[in-house]
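Take a look at the structure set out below.
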């Protein structure tokens, strides 16, 4: 340490001021410390803000906070999102029917089992909710049906796999339970300009007046690469450049509607 004489300016080095200044003779009380070592800096929490531990801790806390905020936001918006999706499904059903009006005023929904019998334990809202997981509903043996009784039309929801992801839609049948009135299809991720064309009115326009039964045999609708033959009531043209999606859509229609055949046959006999 260094000590400076306040009287003459003499600098003394040592652990303590000298008893007497060798220059001017004043005692130790006239000396002051001039270079006392700084106290070591306190590192603080986790070794200070520049330490690796502090950086990792801070980053972790921020990630947890952001994740919690995102989860809270998603949960807060889920009810509204589900309501919007449900509205889209109602609109698609009405589009397939090709009739004007409000879904709630026009359509009645119910659920049938694999034998084609109405399952009274389910109501119209239950049928709509099944559209959020139609494969699950099918696996459980619950088949939602949407009917516009005043127009003599029925809508069968369909679901399947395209080239890249899920595809789905609605097939509206006339009251003979055989002739297609209209369709609506959509997809999760088919190729734009190719497979994604299943979601266009131009593609849908090929389906009206096609039939899904040949006599008493259910045959579905074939989606034919190169074009359906003229007069073929069970076929439409495949998408140019969308062969895999076309095959997926053909299988979707056949596999989904096949589950409803007992219901369709019973409805036929009652008409």
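Here is how the numbers come out for the structure above:
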| quantity | calculated |
| --- | --- |
| Taking N as its residue count, the alpha carbon Rg of the stretch 52-134 over 2.2 N^0.38 Å | 1.82 |
| Set of the stretch 197-230 residues, backbone N closer than 17 Å to the point 7 Å along the Cα-Cβ line of residue 243 | 223-228 |
| Computed lengthening from residue 140 to residue 19, 0.36 nm per intervening residue step minus Cα-Cα distance | 33.6 nm |
| FRET E, pair residue 261, residue 82, Förster distance 45 Å, beta-carbon r, rounded to 0.05 | 0.90 |
| Angstrom value of the Kirkwood radius, inverse mean 1/r, which spans all Cα pairs in the stretch 54-198 | 17.5 Å |
| Longest to shortest principal axis, alpha-carbon extents of the chain, angstrom | 130, 45, 32 |
| Estimated FRET transfer efficiency when R0 is 41 angstrom, pair residue 225-residue 108 (beta carbons, to 0.05) | 0.60 |
| Gaussian network model of the chain, Cα within-10 Å springs - most flexible of 71, 28, 228 | 28 |
| Label point distance in nm, residue 59-residue 115, each placed 7 Å from Cα along Cα→Cβ | 6.2 nm |
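The numbers here are math on the coordinates, done by the rules we state, and not lab data. In this text the structure is predicted, and so the values were computed from the model without any measurement. Here the Cβ is made from the backbone with ideal geometry for all residues, glycine too, and neighbour counts use every protein chain on show.
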